[in-house]
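See structure below.
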Amino acid sequence: MHRKWFGLLFIIILLSVAIVPILSAADPSGANTGTANDISSATAGKPTLEEVAAQVGHNKVAINFVWVLITGFLVMFMQAGFALVEVGMTRAKNAAHTAAMNLLVYPLGMLAFYVCGFALMFGGIGSIGALGGYGGLNHEVTINLFGKSFGLFGTKGFFLSGLSYDVAVFGLFLFQMVFMDTTATIPTGALAERWKFISFFIYALFVGTIIYPIYGNWVWGGGWLAMLGQNFGLGHGHVDFAGSSVVHMTGGVISVIAAKIIGPRLGKYNRDGTANPIPGHNIPFAVIGTFILAFGWFGFNAGSTLAGTDLRISVIAVNTMLASAAGAFASTVWMWLLRTKKPDPSMMCNGMLAGLVAITAPCAFVNSVTACIIGLIAGILVVESVYFVDGKLKIDDPVGAISVHGVNGLWGCLALGLFADGTYGDGWNGVAGTVTGLFYGDGMQLIAQIIGILSNIVYVGLISFLVFKLIDLVVGNRVEPEAEIQGLDIPEMGVSAYTGVKMDKHSETPIV
């Protein structure tokens, strides 16, 4: 009897598995999901040609929106990578302070960018083509020189209000805000272990309001550097696809100026000028942080198309990967064979990051072999730059931010002017034809890149000097010597990063 019931139950189960899906018209492959009934039309299921075209256009822009937002989320997550790298490469007694700067620079910079930075940078950009063509950001303040118009800054988009209350503007804001935050966080590594937190707090507001946006406008907001091609025939103007100059070099120049003003950590230099190494306390943190940054960089570079429908994203992503690998390889071998005779893991990290920084400007305009060359040179540059900045310039940079971001941001812009192969960028900055560098026939592009580099050094260097001198007069930039010796966690933050953990000698006292 029980066997009969068991057999009947078995038959019922088979029917439910085999027949019910057929009766309910399941579509396990997805091939039949999405029909004319899903297109908005006056007559259900019978869209007109115009209605189909409208739906296609809407879907294309929607794909771009999703791409921009997701890649923006990836770039935001890079903040965790920066925090781990900087905490790992500094001493344990300052870990909470360093981590706190990496946390708070995100909301402070964002609010400053929201209030006015975004408007100054993009308020005169005109049409946001890939995100639907919205043209409400249409007022650029200009001056006329040599019979040409020079864009200086925008004036639309303050508080994302008025005509800026638009889906395209909001999408652009999110993506560009996290780029600004990357710039803002670079000096937190260069100034770590002696920067007064109130000084950092004020700086974070300045970087989002005026330091970053003005130069950014000149390159990405339709300003005068972008117009060098149209106005003077210099290639396509200063071209920076994803931020070697706008983001990384800006952060590097700020770091140089600020580190020089604030001075080195206690015990960093002997009386004869020789430098003492002050090792970080957690190399695994730095390694994990580097991988997080490399992961987020796919959003940084490929997302800068602002269009998931731009199939160049595959070239950009692969070039990004290759340059990072080449950078790590070059720095490792260079240290191993020529510098310390050991494969220094901290330089492995900096080499990978240097390759990423260097490929950021040219990633869309070069081939894979060139991407490797750019990364290899970046890996060597970062090592030699660290030794030069530390030993010759006597600028104390605990994490190598100046060398990673400043030096290799500069190299990335030059690399574009040399290696752009003319396969992409038709119409960039309003100039017909593709972006082509010196080695492929257009030396004018290299000149535009050099002008952009020099402009960054002059403007960012000058405004950073004024900002940090002003802060120094008002609240001071540097902590007291007693706090620096004790470690900044308790004096500045009121909490220790590693409560209950006994720190070693290197963590408790500076090297003397």
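The values are calculated or read from the model by the stated rules, or taken from the named source; none is laboratory data. Only a predicted model underlies this, so the values are computations on that prediction, with no experimental measurement involved. Cβ coordinates were reconstructed from backbone atoms using ideal geometry, including for glycine residues, and neighbour counts include every protein chain displayed. The protein model used for the area step is the full one, side chains on, heavy atoms only, and it has no ligands, DNA or RNA in it. Shrake-Rupley method; radii C 1.70, N 1.55, O 1.52, S 1.80 Å.
Return the percentage of antiparallel bridges among DSSP beta bridges fully within the chain, rounded to the nearest 5 %.
Restricted to the chain, the bridges split so that about 90 percent are antiparallel.
So what J values fall out for segment 300-309 if you push phi through Karplus, 6.51 cos²θ - 1.76 cosθ + 1.60 with θ = phi - 60°, rounded to Hz, Gly and Pro as x?
4, 8, 5, x, 6, 5, 6, 8, x, 8
Per residue of the chain, what 222 nm ellipticity follows from adding -39500 (n - 2.57) for every DSSP H run with n ≥ 4, rounded to the nearest 500?
-18000 deg cm²/dmol
On a full-extension model of 0.36 nm per residue, what is the gain between Ala80 and Val66, subtracting their alpha-carbon distance, rounded to one decimal in nm?
Difference between extended and current length: 2.8 nm.
What do you get for the angle between helix 167-190 and the principal long axis of the chain? Use alpha-carbon atoms, 0 to 90 degrees, nearest ten.
Taking the Cα atoms of the chain, the angle to 167-190 is about 30 degrees.
Students often forget the sequence filter, so: which lysines lie under 26 Å Cα-Cα from Lys148 once same-chain residues fewer than 8 apart are removed?
Correct list for Lys148: Lys156.
Under 5 Å between amide hydrogens, which residues at least 5 positions from Gly222 or on another chain qualify, with H placed 1.01 Å from N in the peptide plane?
So Gly222 has HN proximity to no qualifying residue.
With θ set to phi - 60° and the Karplus curve 6.51 cos²θ - 1.76 cosθ + 1.60, what are the ³J(HN,Hα) couplings of segment 355-363 in order, to the nearest whole Hz, using x for Gly and Pro?
Listing the rounded values in order: x, 5, 4, 5, 7, 5, 6, x, 4 Hz.
Give me the percent relative contact order of segment 371-499, please, defined on Cα pairs under 8 angstrom at least 6 residues apart.
In percent, rounded to a whole number, it is 14.
What trypsin sites (Lys or Arg not before Pro) in segment 275-379 are in a loop by DSSP, with at most 11 other Cβ atoms within 10 Å of the Cβ?
Here the trypsin sites (Lys or Arg not before Pro) that fit, given the DSSP loop and packing criteria, are Lys341.
Specify the longest stretch of the chain that does not include any exposed loop site, a site being one of the chymotrypsin sites (Phe, Trp or Tyr not before Pro) with a non-H, G, I, E, B DSSP assignment and at most 15 other Cβ atoms within 10 Å.
166-497
For an R0 of 41 angstrom, estimate the FRET efficiency from the Cβ-Cβ distance between Phe170 and Arg478 and round to the nearest 0.05.
Efficiency for this residue pair is about 0.55.
Multiply the residue separation of Ile198 and Phe291 by 0.36 nm, subtract the distance between their alpha-carbon atoms, and state the gained length in nm to one decimal.
30.4 nm
What lysines sit close enough to Lys469 to cross-link, taking a C-alpha to C-alpha distance under 29 Å and skipping anything fewer than 8 places away on the same chain?
Answer for Lys469, where 29 Å is the Cα cut-off: Lys93, Lys196, Lys260, Lys268, Lys392, Lys394, listed by chain and number.
Under 5 Å between amide H atoms, partner at least 5 residues away or on a different chain: which partners does Arg478 have, H built in plane at 1.01 Å?
Lys196
Show the residues, 5+ positions off or on another chain, whose built amide H is closer than 5 Å to the amide H of Asp442.
Answer set, sorted by chain and number: Gly437.
If you work out semi-axes √(5λ) of the Cα gyration tensor in Å from the coordinates, which of [x] 43, 33, 23; [y] 35, 28, 21; [z] 49, 25, 22 do you get?
[x]
Mind listing the phi-derived Karplus ³J(HN,Hα) values for segment 429-436, rounded to whole Hz, using 6.51, -1.76 and 1.60 with θ = phi - 60°, and x for any glycine or proline?
In residue order, the calculated couplings are 6, x, 9, 5, x, 8, 6, 9 Hz.
Rounded to a whole number, what % of the accessible area of segment 352-469 do carbon and sulfur atoms account for, probe 1.4 Å?
75
Looking at segment 255-287, which trypsin sites (Lys or Arg not before Pro) are in a loop (DSSP not H, G, I, E or B) and have at most 13 other Cβ atoms within 10 Å?
Passing sites in segment 255-287 are Arg271.
Mind checking the full-extension length gain between Asn144 and His58? Use 0.36 nm per residue of separation minus the Cα-Cα distance, one decimal, nm.
Computed gain between Asn144 and His58 is 27.0 nm.
Along the Cα→Cβ direction, 7 angstrom out, place labels at Leu462 and Leu8. What is the inter-label distance in nm?
Calculated label separation equals 9.3 nm.
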